[in-house]
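Below is one structure, written out as structure tokens; the observations come after it.
The values are calculated or read from the model by the stated rules, or taken from the named source; none is laboratory data. Quick caveat: nothing in here was measured; it's all calculated off a predicted structure. Using ideal geometry, Cβ is built from the backbone for each residue, glycine included, and neighbour counts are taken over all protein chains shown.
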């Protein structure tokens, strides 16, 4: 249950992704399903902090250590989230963040990886710089012009302008997180009495970052299915969306890997029901109330019909 890029990176290395299902209550990667998917050829596990909620990293870390695997966090939804007081970015061997415009912080495009492994950090710095072991700053400090390309890398450096934009936003992150959490709390309050519209569960000892506010639509109780609710809310100018089409259902993966329906039944069932409500720090209280009222009225009208 993620954007396609999480799995695409595996294909870019020449490896083959294996998909494990998610927990039905949180839509986070299910450690038991991961355990069943591990083979002698497995080299890494990638978990996704879906919607801004940290995975069960303790269980995933235990699995990774038992099998000698690298643990990677797709933490793109979760800057500022914590698990048992530990911040996202420190819960796996490598944690990846996105600075796409819709994320908590943006550099227009690009991203960041955190690690506490010096060897991995050195390798990433080389890889992002054409496979060259030094950059212009380190050469200037040493008073030399010499450089060596030791592997085939890429030009993955964030520009200075983009970095400046990202750094300027860091001072606002705490306030933006507080606003996201306040909006999420209002949504929870409003939905508590609305039949057939249920937010995802929150794990114990987790501080959620609320990149997305995802609800599941039960058509029998709500009187309307997800697709119809999507259409009706969009017609009222409410920017709802669906996150995500399970990766293994995309045509490329079906054709390339032979994946398809039935591989991850929990994720597939959730995909037919989930709807993301608008959530961003610039939403005013009246904006939030407009979403709440539109959702309530649409569901109530559907129940009468």
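General remarks:
- Only one of the numbered conditions (1) surrounded by fewer than 22 Cβ atoms within 10 Å (Cβ to Cβ); (2) touching a residue at least 60 places away in the same chain (Cβ under 8 Å); (3) in contact with a helix residue (DSSP H, G or I) (Cβ under 8 Å, 6 or more places away or on another chain) is violated by residue 79, and that is (1).
- Flag if residue 214 is under 21 Å from the mean Cα position of the chain (by Cα), crowded, with 20+ Cβ neighbours inside 10 Å and free of Cβ contacts under 8 Å to residues at least 60 places away in the same chain: no
- Among the residues examined, residue 127 qualifies as in the same structural domain as residue 12 (by TED's automatic domain parsing), modelled with pLDDT of 90 or more, under 18 Å from residue 13 (Cβ atoms) and surrounded by 15 or more Cβ atoms within 10 Å (Cβ to Cβ).
- Qualifying residue in region 248-257 (condition: modelled with pLDDT of 95 or more, touching a strand residue (DSSP E or B) at 6+ places or on another chain (Cβ under 6 Å), not in a helix (DSSP H, G or I) and not assigned by TED's automatic domain parsing to the domain that holds residue 23): no
- Checked against (1) buried (at least 16 other Cβ atoms within 10 Å of the Cβ); (2) modelled with pLDDT under 95; (3) within 27 Å of residue 206 (Cβ to Cβ), residue 171 meets all criteria but (1).
- Among residues of region 110-148, those that are more than 26 Å from the chain's Cα centre (by Cα) and part of a loop (DSSP other than H, G, I, E, B), counted: 11
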